[in-house]
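Here's the structure we're looking at; comments come further down.
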Amino acid sequence: MPYKEKKVERLYYTIGEVAEMFDVNTSLIRYWEKEFDIIRPKKNKKGNRLFTPKDIENFHIIYHLVKERGMTLKGARKKLRENRQETMDNFEIVRILQEIRKVLTEIRDQM
């Protein structure tokens, strides 16, 4: 049986790495951190923000609501406060459907 390396899951991400993941400015990451109480980065002694994978997941949900669905920050905050689990479930469904579409598109292009 061949050796397979496990995907290394990092414990913390810097603000620059998070901004690069979403292709946004670091100032937007700081702004969303202030606006949404579900994002709570750790700070080191120097004051640098260190985001956990849970924070990244929350950023994905916020990004989906604000950038992809066009909601206002107030609307996104309200939706997360009232229906957090439903919002997360819907986000997960959309993500899975996007992956399926990508695979199907690749198959079509290969034909």
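What follows is calculated from the coordinates using simple rules that are stated; it is not laboratory data. These numbers come from a predicted model, not from an experiment. Heads up, the Cβs are rebuilt from the backbone with ideal geometry, glycines too, and the neighbour counts pull from every protein chain shown.
One table, with the values for the structure above:
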item: Taking the chain and dividing mean pair separation by its residue count, relative contact order in percent (alpha carbons under 8 Å, at least six apart); result: 19
item: Set Lys34/Lys79; Lys42/Lys67; Lys43/Lys67; Lys43/Lys79 screened for pairs whose C-alpha atoms are more than 22 Å apart; result: Lys42/Lys67; Lys43/Lys67; Lys43/Lys79
item: Residue exposure sequence - Glu92, Glu9, Glu99 - by fewest surrounding Cβ within 10 Å; result: Glu9, Glu99, Glu92
item: Label-point separation in nm, Leu50 to Leu28, each point 7 Å along Cα→Cβ; result: 2.6
item: Estimated dipole of the chain in Debye, rounded to 20 [Cβ of Lys and Arg +1, of Asp and Glu -1, Cα centre]; result: 560
item: The chain: calculated mean residue ellipticity at 222 nm from DSSP helix runs of at least 4, using -39500 (n - 2.57); result: -19000 deg cm²/dmol
item: Span per principal axis, largest first, for the Cα atoms of the chain (Å); result: 51, 38, 25
